[in-house]
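Below: the structure, in structure tokens.
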Amino acid sequence: MGWPIVQGKFKNDTPVRCPLLFFPVTLTVQNNQWWLEPREDAGISFNKSFLLAYAYHNQVKPNEALLEETFEDTDRDSTAFRTAIYQLLQKHEFELNFNSDNFRDELTPFVNLKRDEFEQGLKTGELKLFPKAVLGIFPQAGSFLVPDYLKLMEQDHVSDLESFFELRSATQSENKNFVRQVKEEKIYCAYPADIWQENSLKAVKVGHSVVVQGPPGTGKSQLISNLVGDALATGKRVLVVCQKRAALDVVYKRLQSKQLTDYAALVHDFKNDRKEIYEKVARQVNRLDEYKTRNISIDAIQLDRKFLQISHRIDQITEELDSFKQALYDDKTCGAAIKELYLQSSPLQELINLKQEFSHFRYDTLNPFLRKLTTYAHYAKTLERSDYLWKDRKSFSTFQASDETAIRNAVQHIATFFHQLTTRLVDTLGARLDWEQCEALIEKASQVAEVKSLLTNDSIYRYFQSMLNESDDETSALWLSNTEKNTLSCFENEGPESSSSANQLGTLQKALYRSMKARKSLIGLIRWELFSQDKFLIKRVLVQNGLQSNKEGFVTLERRLDNRLNLEHNLSKLKAKIWLKQVPESLSKKEFIQWFADQHFALQAKLIFTQVRGLKSVINPAGLTRQEFINRLDLLFDLLAPIPAHKETWNQYLTTSQINAITAQPWLSQKLTESLRSDFDSLCEFDKLVQELSDVERQVLTKLFDAHPTWDEYQVKGLFLNSLALSWIDHLETRSPELRMVSSGKITLLENELRDLIQEKQGLSEEIILLRAREKIIEDLKVNRLNNRVSYRDLLHQVTKKKKIWPVRKLVTSFEEELFKVIPCWLASPESVSAIFPMKELFDLVIFDEASQCFAERGIPALYRGKQAVVAGDAMQLKPGDFYQARWQDEEETHADAEVDSLLDLCSRYLITTSLQGHYRSKSLELIDFSNKYFYKGTLQLLPHRQAMLAGGPAITYERVDGQWTNNANAIEGNRIVTHVNAILKSQADKSVGIITFNAPQQSLILDLLEDAFGTVPKSVFVKNIENVQGDECDIVLFSIGYAPDKNNRVPAQFGSLNQAGGENRLNVAISRAREKVIVVCSFMPEQLQVDETLHEGPKLLKAYLEYAWQVAQGTFVPTIVQTAARSNSIYLKETIKRLAKQKWTDFELEEHAVPFHDITVMKKSQPIGAILTDDGEYYSSMSARADHALTPQLLDLKAWPFLRVYSRNFWQDPDRS
């Protein structure tokens, strides 16, 4: 109740008419009369809107004392109370005429006036109080926001929203996967978290302020609870803000389940909740000794150590599993993932060794070679046959069409020319040569010319003839040179003794020896002179050699005799060789020199001649004179002379072996010509391809030919691809040995260990959070000289005193540090935040829940009080709205931020967004599939409980009744709803029931019917309409559509708020409340609803939902499951498994995309019996190996799904076993 009423004009001429005070009251009925009774749970307050308006229009500062006045200590006596108000206004110099009429115990009527009537007689700046009162709903919460904005404008610290949000977030990155960016030891999750919740939490941990899009049932409250717990464990202050009381209650209850509410304050009404908050603060301070004792226990010390050990092991396992996944899908090394190689190869099939070549063939550049290989095999079938006439050929890669004629002419010319040459050789030389011999002789023409140049005279020629029949070893040039050297050395110095014949040399040698011996003494000399028989022989020889008969003469003769003996010895060796003719008999050195030179010329000629293969068989020098021999040589080479020129021409098109073959087989020229005519173009194409091949490609083709000489295209390509894949697999597994752990069973051990560790860490986290929260309270306790604690002393006094109790805001301001140690977590509405917390960065983290329903301007002050923000909500649920308060809009405002209504949408413009995608509320896909398809683009993933699928029966039923639409209500539908409630209470008493209507009158009707039927609305039942059901959930939802056909059997598309812009979001909220079942009670069939002409989507989606409900009820529902992102050109293991299943497991049906979190759902007789998980799309697109190997298996167990995991390597290694 508002009393008294202020009337007048502010100093800027703005008229005002409003209550000065608000008295919280309850309206009751007693003896058929309305009674107003004071509410004990709420206090009297000034009209804060008026106080703020007064300050604004009169250009004065808002009076904080009046704004915070609670009247708790004010005397409740009627006169005393009014006097106190008067004095309070006087004290604060509030210019308001408090006339004596307001002290009378009576009210004057409150008359509605038009503005012109009201302003008559009003004076500028004059405000008066009148003893009038009004009864109504007067929201004051928004008034607490105004001072915050005034302070923001005064401080001017933040220039715009861009800066505002930048200050509260780390630098944004394109990578929105934060799962791997935070070590496990830094995360404290006391509640289970799926991978999307974990990603959002870790985004906060790395310093980002984030927007969390959380569709129905995805665990926003769970995430918020984990954020709170993590903040408590790290000594941070956290503020949870939400306009909806129920949402704060949900979070508070979750915190309570983990004993965390001792450190959290829930503020629904900052005045009425003060007592409970102060009692909690006092309890915390009084437990300081208990906390100290608990924190120094051995268990507490071991807790930290164990937590770190488990966290490190989780990181190790996760890293190993992530490495496995990364290696499985890494395509940087070879252009394809090894997973694909597993599925397109088999170690049991034929292969060739490509260990030296495989690295040259990357899969992302392989197609050009595969085209080459296919083309090569196509042509090689014919052109590379061993019996193909043109197999050994010149490359046709550069030939043009005109070259075909030239090649034919060359083939014919070879045959003709060689025939003529052969005839002339026979006629002139009597010899027949094949083509190779002709070529060999032509190549030796220079050597034959050298033979002719060596045979310069007949003597040399005769020497040459005598040597021809001897072997090269016999006619050794080295031997001859050595003999020549030894022979000519005998003519050096004194030369040989030449006066004696050869047969006298022995006698002379002996006589000379005896004479020289005798002459060595005087007696001997006298005896030799007088009596020696040798004297006359020696002296004669001395005279003949012109020597004196003295010592010197004797020595010289001795040397000459030795030379003569050596010469005779060499001559005997020369004469012993029958191929050496005319050995000189004289002792002339010059003659010997000439003879040896001639022998060398002859020998050189012989060596060259014999090296020219076949020449001797054509021209044998044995019976020819030198001139005849030379003439024959000239004739032969004249005949052969045209060959090089012709060959040069022919070799442009033909190989030597082809030329040889044509000359050896004259008939071949015709065959070659015929083959050329049919295959010329193919040869050109094939040889162009061969020309383009690299050396490595040629090596591979050679190996393929060795394995498949027939060049079957399919077999050759398959062999190559299998061999290449196996070579790359061997290489990649050597680099990443973790890939083999799927076959060893190690990965299963790691999975089981990881699941157990996560579970254990969750339990430890709860204890760690409590431990750290206690540590924060007891750290840095101060004592006085008497060892009495000083810390918290004054705080405890203020929260325990009975009089002059401070407002919460004053307590926060005065004892900020101590208060936030005791209560680091606060949960409040935006308005309560503004009322009790100073306008500064008090909190490390501000979490805003249900932000889609909060006007942007209401949330910014709360966000300002935090260093970091998490803004959670669902853009597809209800938009902001307040039926009891107007929202000022400037039609000329063009800034995009001003055009955004909700805080969620505003923050989405500036902050990174993470999404929660795991849906856990509904037990059946049917209950969420419509929302998922039409509102969330298939991003929600719900794993239905297998038992729910086995139970049978549709999760949605559609009941058509003959209802009538009267006074905006449908009684027939209402009665049917009550019937259902009665049946549920009897057969399923443990189930909660929610009744949702599409307007308020139908809601009221059903409430009345329930009260008539049960005396009161059962506790397990709630009745709401689509405007206020957000945040609720229950086991069974009963929809009363309410609307009914008119007399023309048509249903007008007029559904109240559903017809408005964004009305479809109300429908989304309503249809996503059920956990187990939905019963639609409707007075028409979906097709009767005509919505084509409606402006907005609400009615259209209502019709679509009713059609959907009917399909589900009829059993024709097929879930809409969006396939996960896959790699391009991927090969799927599940396709291989399904193909094999058709052959081997005919009793089972394997369905793809039947259930989320499954790659394949195994059915038997249309009943689900289990799931198969592979390393396909779900595995590839998941955010972390932790989700694949721990969280998903855990969820499958929870939902009673037996599962089998098959990896591509298992299948590659042993398809039958896997």
| request: Exposed loop chymotrypsin sites (Phe, Trp or Tyr not before Pro) only (DSSP loop, at most 10 other Cβ atoms within 10 Å): please give the longest stretch of the chain free of them, not including the sites. | output: 1-666
| remark: With Cα coordinates, the longest principal axis of the chain makes an angle with the long axis of helix 367-383, in degrees rounded to 10, of 40 degrees
| task | Pop the C-beta distance of residue 581 and residue 544 into the FRET formula with R0 = 22 Å and round what comes out to the nearest 0.05. | result | 0.10
| query | Over all pairs of distinct alpha carbons, what does the Kirkwood formula give as the hydrodynamic radius of the range 969-1088, in Å? | reply | 14.6 Å
| message | If you average the C-alpha positions of the range 539-607 and of the range 763-824 separately, how far apart do those two centres end up, in angstrom? | response | 134 Å
| Between residue 827 and residues 5 or more places away or on another chain, which pairs have amide H atoms under 5 Å apart, with H built 1.01 Å from N, and which residues are they? | 240, 265, 266, 267
| query | So what's the gap between the Cα centers of the range 245-322 and the range 429-502, to the nearest angstrom? | reply | 115 Å
| field | Antiparallel %, DSSP beta bridges [both residues in the chain], to 5 | value | 40 percent
| query | Out of 668, 81, 451, whose Cα points farthest toward the positive end of the dipole of the chain (charges: +1 Lys, Arg; -1 Asp, Glu; placed on Cβ)? | reply | 451
| Between the range 658-701 and the range 107-161, the Cα center-to-center distance that results, in Å | 103 Å
| What's the local net charge at residue 960, with K and R +1, D and E -1, over the other residues with C-beta under 11 Å away? | -2
| Over the chain: helical MRE at 222 nm, DSSP H runs n ≥ 4 each giving -39500 (n - 2.57), nearest 500 | -15500 deg cm²/dmol
| With charges only on Cβ, +1 for K and R and -1 for D and E, what is the dipole size of the range 926-1114 about its Cα centre, in debye, rounded to 20? | 320 debye
| note | Applying the gyration tensor rule to the Cα atoms of the range 744-838 (axes a ≥ b ≥ c; rounded if a/c under 1.5, else prolate if a/b exceeds b/c, else oblate), the class is oblate
| field | Proximal charge balance of residue 318 [Cβ under 9 Å; K/R count +1, D/E count -1] | value | -3
| Residues of the range 448-484 with amide N under 16 Å of the 7 Å Cα→Cβ point at residue 594 | 456-463
| Which percent of the Cα-Cα distances in the range 472-515 go past 13 Å? | 69 percent
| field | Contact order normalised by residue count of the range 1059-1218, Cα under 8 Å, 6+ apart, percent | value | 15 percent
| field | Net dipole in debye of the chain [+1 Lys, Arg Cβ; -1 Asp, Glu Cβ; about Cα centre; nearest 20] | value | 4640 debye
| message | Which one, 524, 487, 565, projects farthest toward the positive side of the charge dipole computed for the range 409-650 from Cβ point charges (K/R +1, D/E -1)? | response | 524
| remark: Farthest towards the positive end of the dipole of the chain, among 111, 1086, 1179 and with Cβ unit charges of +1 on Lys and Arg and -1 on Asp and Glu, lies the Cα of 1179
| note | Between residue 516 and residue 895, the two model label points (7 Å from Cα along the beta-carbon direction) sit apart by a distance in nm of 13.5 nm
| query | How far apart, in nm, are two points set 7 Å out from the Cα along the Cα-to-Cβ line at residue 622 and at residue 417? | reply | 3.5 nm
| message | Checking the a/c ratio against 1.5 first, then a/b against b/c, what shape does the Cα gyration tensor give for the range 2-138? | response | oblate
| Roughly how many debye, to the nearest 20, is the charge dipole of the range 1133-1213 about its Cα centre, given +1 on each Lys and Arg Cβ, -1 on each Asp and Glu Cβ, and no other charges? | 240 debye
| task | Lys and Arg at +1, Asp and Glu at -1: add these up for the other residues within a Cβ distance under 10 Å of residue 1044 and post the number. | result | -3
| request: State the extension gain, in nm to one decimal, for the chain segment bounded by residue 426 and residue 665, taking 0.36 nm per residue of separation less the distance between their alpha-carbons. | output: 84.2 nm
| task | With label points built 7 Å along Cα→Cβ from the Cα atoms of residue 712 and residue 458, find their separation and express it in nm. | result | 7.8 nm
| field | For the range 1133-1213: rounded, prolate or oblate by the Cα gyration tensor [a/c cutoff 1.5] | value | oblate
| remark: Quick calc, residue 756 & residue 1: beta-carbon distance into FRET formula, R0 51 Å, rounding 0.05, result 0.25
| request: Considering Cα pairs under 8 angstrom that are at least six residues apart, work out the relative contact order of the chain and quote it in whole percent. | output: 17 percent
| task | Please work out how much length the chain gains when fully extended from residue 367 to residue 613, using 0.36 nm per residue of separation minus the C-alpha to C-alpha distance, in nm with one decimal. | result | 83.3 nm
| If you take the beta carbon distance between residue 36 and residue 140 as r and set R0 to 25 Å, what does 1/(1 + (r/R0)^6) give as a FRET efficiency, to the nearest 0.05? | 0.85
| said: Can you tell me the orientation of helix 1133-1144 relative to the chain, as the angle in degrees between its alpha-carbon axis and the longest Cα principal axis, to the nearest 10? | reply: 80 degrees
| said: If each residue of separation counts as 0.36 nm, what is the full-extension length gain between residue 536 and residue 117 once their alpha-carbon separation is subtracted? | reply: 132.0 nm
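No value in this document is a laboratory result; all are computed from the given coordinates. Note that this is a predicted model, so its numbers are computed, not measured. Because the Cβ atoms are built from the backbone with ideal geometry, glycine has one as well, and the counts that use them run over all protein chains shown.
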